[in-house]
Every structure is written in C-alpha cells, then in structure tokens.
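See structure below.
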Amino acid sequence: MQAKKRYLLLFVTCAFLGYCYFGGYRLKSEKWTGRSQLPYERLPSYLSLNEEFYDKDLRTSNGNPIMSQRTKQCRMETCFDFTKCKQGFTVYVYPIEDVISPLYQKILNVITESRYYTSDPTRACIFVLALDTLDRDPLSTEFVHNLPSKLMRLPYWNNGRNHLIFNLYSGTWPDYAEESLAFDLGYAMLAKASMSIFRHRPEFDISIPLFGKQHPERGGEPGQALENNFPNNKKYIAAFKGKRYVHGIGSETRNALYHLHNGKDLVFVTTCRHGKAWRELQDEHCQQDNQEYDMYDYEILLMNATFCLVPRGRRLGSFRFLEALRAGCIPVILSNGWALPFHERIDWTQAVIFSDERLLLQIPDIVRSVSNVHILKLRQQTQFLWERYFSSIEKIVFTVFENIRERLPWEGTREKLVWNTNPGALAILPQFADSQQELPFSKSNPGNTFTAIIYSQLGSTAVLYRLLKSLAKSKYLDKIILMWNSDIPLPRRPRWQGIKASIHVVTVDGISQRFYPHPLIKTSAILSLDEDATLNTDEIDFAFTVWKSFPDRIVGYPARSHYWDDSKRSWGYTSKWTNDYSIILTGAAFYHRYYNTLYTELLSSTLHKTVEQSQNCEDILMNFLVSHVTRRPPIKVTQRKLYKDTTVAGIRDLYPWEKISTRVQIDSFRDTIHHSKIAAKRSRRKGYRYEERKNLMEGRRIWWWKDGRSVPTTTTTTTVTTTIAFERATTTSNTTTISTTSSSSANCGPPPSLVRNGSLVARSTNKIMQLS
C-alpha cells in the first residue's frame, strides 16, 4: 500500500512538472502584445486556406489598427509572392473610383504611362491602389475614410500581398505616431516618407523623400549649383530658416537654434508664427526671432550657404531636404533615427553631414572642420542625386520600382557604385549589371571596328550602291546591316553582291526598328546611315576616330537646332546654319550600341507609338535619350560636302506640315523624357582647303592624340586621316578663333585653357571643325 502511494505521488509530481514545463515554454514562445493577441485570432478562418493567418482589423483606443507581429516581421521571402513576377516586372493600377488628391493623381499618371505598366492584373507583379493613401492624418482634408472596408472589396487585395502603398504623412496631433495609418497593411510593402530605421522592414519597405504638391510630375529642374568654385566662397557657412513649434514633438532642436545664430557666417532664424494658438504659447524669444526671421529671404539663404540644417519637424522628414539638395546646399541632418530616402542603395555619406540632435551646439565646429576638397565632393554629389533620383515624381517612383525589382532573385543587382555615380542606376538596365564593360560610360576600350546600319526605304538605288562601296573600303568596318523597309521587294541579284564586305539584309516594318538591338551587332560602335548619305571613306573613318574618344555621345555630320518659340509657346526645330546646335541626325552618325537597348526598353510605349504614327522624328527622340542619360551635347564633325537630306528623288523633303509635326514631337518628347531639353553646344564651324590648312599649321604647336595619349609636337607634316589634333582655342562671344602658341612646355595633353575656357578643335585631312 505504501508503495502504491509512493508511485502515485511520483506520477502526480512528474505530471505537474511536465505541465509547468510545457506550459511555460508555450507562454514563452508566444510574445504577449497586449490587445493584438486575442484568443479568437487563433481560430482558423473558413474563407480560404491562404487566409488562415489573416490578421483582424483590430484598433487601439484612438482608432488606429495595430500592426501584427507577423506583419512587422515581413520580408520578401515571407510576405511576397515571387511567382507573380515570372512574366516580367509589371505594375497594375486599380481603376479609379473615388476622388483622389492631385498629388496622388500625378503618381498614378507616371505609373500608367511608364514601361512598367500593365492593364492585365493576371500578369502583374506589383499592384498599386487607386485609393489615396498619401495623407493618413485624420485632421487632413485629404484623409480617406473607411479605408479598411474599401481595401477588403478590392478583387486582388489578398491581405496586401504584392501590393505597394505610397504614404507621405502618418499620425496626427500630438504624437504623430509613424505607424498610425488607420488601416492594416497586411503583407503590403510601404513606400513611405519620414520613415524611421526602427519601423523600416529591411529589403521590404522603401523610404522615400517628402515632396510637395508643386513637385513636377516629369522632367524637373536641374540642380541650382551651376558653379563648382574652389575653394568654397559662399557667404554663409551654415544657414536655416523655418518655423519652430514652441512646444510639442519636434520643437526641441528648433527652439535651441538661436544659440548658434551670429548673423555673420552662421544664420539660423526661426519664427513662432505657426498654428492658431501661437500667441498664447509663445516664449520670451519669439518677438526677436520673428523680427530676425523677416530679415532673410529663404531662397537667397539656400543659394548662399555652404551647409543647410535639416532638422526634424513634427515628423522625421521635411521638405527642406529636397530643397537643400536642389540648391547644392549640403544638408546637415538633425533627425535621429530617420531612414534617409533609398538608404539601402544610396550612400548618403557622400552627400550629407550627419549630426546628433543632442549635440546641436557642436554644429559650428563640425561644419568648419570640413575641408574645401570634401565640400566640393559633397556639393557635386547633391546635384547628381537630385537630378537622377529626386527632381521629379517620375524619378522617385521609378527609383522605388527599381529597388523592388532588384530584390527578385533572377534580376540583376546593380552595385552600390552604380547607384552613386553618373549616370545612375535608372540609366543602367538590370541585364547589364554584371557587364558594365559593355556600357558607353565605362573606361574600357570601345573597340576598333564598327557596324554600319543603313535604313532603306527606296530599295536598290545608285546612291545606296555608292554608300556601300565607301563603307566597304573602310579599314574599321566589321559588317553592314541593311534595314529593308520598302514596298519594293529585295532584288534576287542585288548590285552589292560584288562588294567585298559582310552585308546582311534585315526586313523591318517600322522606323524605330533601326534602333533595335539586333543580335547581329557585335561591335560597340554603330554607324547609323540613311540610304542617301553622301560620305566617303575618309569622312567615315575620321568620324569613327572622333567617336572613340567620346563613346558616350552621338558623333556625326548633319546638325540641327531646337529652340523655344515665344510667339507660339512651343519648341521649334530648324536646319539653318547657326552658331549652336543641339541635335545630330542619325542619318550619318556614330553612337554606342547600348543606346539601342535603352531606346527599345527604357522608353515608354507612348513615345514609340508617337514615332511610329508619324514615321518621323526617331532621330530626335534618340538625341533626347542620349542627352538625358549623359547630360552632354552631341558632337558635330564637318565634311567636304554639305549633308543633303534629299539627294534621291522620292525621298520626302521637310515640308511645312512636317515642320509642324516636328515641333509637336519635340514638345511631346520634352514632356515625356525626364530631361527638360537637349543639351546644346555653341560653336562656329569653318572648313579650310588643304593648302590653307597647311599654311595655318606652320609654326604652330599642336597636340596629337595617339593610342589614348597626347603627344606634343611642332611638326608641320600632313595630318594622317585617322589622327585627331587638338589646338588651343579661345572663344569670344559667339565666334571661335584659333590662336597660336610657341610654348615648348613638356606637359602632355591639351592645354588647360582648352579644357576650361576653350572649344575642342578636331582636324581631319581637309579641314578644321569644332568638336564640343
């Protein structure tokens, strides 16, 4: 009996210990999060198997839903359906049913007119709401009510999976809680302004800048730092002008700025005039602060300050951040915990100064300790980042998409160096992420051969035959591709069969296909030609030699200019000889083959349709594209004969109605292409006969450019066709004059004045012409 009791006691004790152990382990494994974990949430849902873990729309006492633990831990691997992106990275926008703000309308316009957009939701990788989520402050007039119920009615919501939500403002008075969106994100990605590093879900959410209603939809203005003065000679070393809140969140730093203000090289002025009750809440400094605040102009301070303070406002971000970037005023970040826009890709240490809000009084010493060399680097980087990623809503949205795109396992990932150096990640297609040597911006050798592409509409003509013979004589020719877009069938025995060159005929049905990245093209250099081009072999070889020095630009013969016509309030186009040009027609021009890929894949379908409908202006569109990517003008070389657009009977001339069409196309391209206009170059081009050129060269010190290096010489021998010579040139007003020099300096390369103030002069066998 005693043994039975003993065994029973032992069994009860073991059972009790086991219950305590396993029960405690379970409680420990489930983190208690207050009201976000209720018993009925663990009951399975009978809606669908995929919604078994659906998080209820629970709310706190102030009406804001709580982000569940599962949502907080979202990553691409756990909350994103990669299978939806197998057909390509495309974005679907829900049909607009409710009224949305003008700012959100700009975002949707950018998406629906981009290369990412698809109207088929079954093929979409990313879904964007037509419900305005930018302003989630309940006190705002643009706050959308009943958003949770509206989300539930969306046919593809699926608890937010593969959805992208844009937000600029969250939370409200008094704490402006970052997570207070008044709806449950579910598994949706968040592209949010004023995002903190503590709420940011790595490689899932995206921090974006805070931008205002006036931010341009497309294009955008270039940076305002037009001069790179060295050493820095700005009037103010640091400046700030803005509101201080007197009390509440975000007021601590701004209320203490008056301690740093000296009115000389440090200008920090604030005003208490903010909100309806500022008079009742003002302190003893407000009257003086308001007076000093009115003494300074905000734009003048931005342009005349080396550093601009960017303190937090009610939220972590502020409009001042983008304003400082645009002005070339180096931002000094005073917002602890702020995840700067696109911080996972952009190296902000190259463009801003970080400081701690608690060390405010050390700001003067910090900015004064920055060297002039570092200041110059920081200012240059602010302009690069502004122009490439932030100058328009389109660039901001596209940068968001490219961030998401790089997270897909099969997509190429650009190195951080690509994101932070010119021309930026948006100009580098993902498939070239691992082969940057094939890009025109790399320092690699572009090769010593070219592929000629001739666009033919009239069929086999005598002019085309002469052009083929001239090309065949070039020692740099790799192959000729004849783009045949003619109603006349290809002859069975064409005349060019006897030409000793590799000629491939490709049938095309659209004018834009002359810029298609055809697999036959193996060389970096492409010579684009119309069938009526009248170039001899020497001119072809010389233009190719020039292009090898500038592989990122269009180098060619026929030049045009575009200009702003005040009377018609539109862009004009002219072929008249002027002292400046902005377009090199691709009827006789060299360019890098990478631009064919950009033309085909980067430009939107709207632009391609515009060109195909008009059967014109594809060369202007290519110039817009290259100018946008490089921020540089094309290069004009001249020839012994003027380039003629209509040497063959039957080729259309530029009639007045076509000039009107061209004017309309330029307006369309300017509005759609990110850069506001093509870069123009001012020069005067004058040709010389051989005897005149020989006399002009005598007694002149010149620089011969051979094999990638410059060699000074005083010889007066005849220039080899494949050699480029550089002379010192000085520019006065709109005319360029050649000046002589007898200096015997041993320094190699073009003289410094040639780079800073002069124009680059190139000489072929029979003439001198302006390059850039």
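Quick note: the coordinates plus some simple rules give every number you see, no bench work behind them. Computed from a prediction, not measured in an experiment: that's the story for all the values here. Heads up, the Cβs are rebuilt from the backbone with ideal geometry, glycines too, and the neighbour counts pull from every protein chain shown.
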Ser570 long-range amide H proximity, modeled H, under 5 Å = Asp565
request  = Report the FRET efficiency, 1/(1 + (r/R0)^6), for Cys20 and Lys72, where r is their Cβ-Cβ distance and R0 is 25 Å, rounded to 0.05.
outcome  = 0.25
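Given the Cα-Cα distance of Trp173 and Asp297 and 0.36 nm per residue of separation, how much length would full extension add, in nm?
Value of the extension gain: 41.7 nm.
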inquiry  = Residues of region 591-623 with backbone nitrogen within less than 16 Å of a virtual label 7 Å along the Cα-to-Cβ line of Arg632, please, listed as ranges.
reply    = 591-595, 623
ask   = Do the alpha carbons of any pairs in Lys479/Lys576; Lys86/Lys522; Lys548/Lys576 sit beyond 31 Å of each other, and which pairs?
value = Lys479/Lys576
query = Hey, rough spin-label estimate for Gln497 and Leu281, points 7 angstrom out along Cα→Cβ, what's it come to in nanometres?
reply = 8.9
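Going through region 181-274, which chymotrypsin sites (Phe, Trp or Tyr not before Pro) have at most 16 other Cβ atoms within 10 Å and a DSSP loop state?
Numbers: sites: Phe183, Tyr187, Phe198, Phe204, Phe211, Tyr236, Phe240, Tyr245, Tyr258, Phe268; in loops: Phe183, Tyr187, Phe198, Phe204, Phe211, Tyr245.
Sites meeting the loop and neighbour criteria: Phe198.
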ask   = In nanometres, what is the gap between the two model label sites at Val505 and Leu417, each 7 Å from Cα along Cα-to-Cβ?
value = 4.7
query = Mind listing which trypsin sites (Lys or Arg not before Pro) in region 221-276 are in a DSSP loop and have 11 or fewer other Cβ atoms within 10 Å?
reply = Lys264, Lys276
message = Over 18 Å between Cα atoms: which of Lys609/Lys636; Lys234/Lys377; Lys106/Lys213 fall into that group?
response = Lys609/Lys636
note = Of all trypsin sites (Lys or Arg not before Pro) in region 359-453, the ones in DSSP coil with at most 14 other Cβ atoms within 10 Å are Lys443
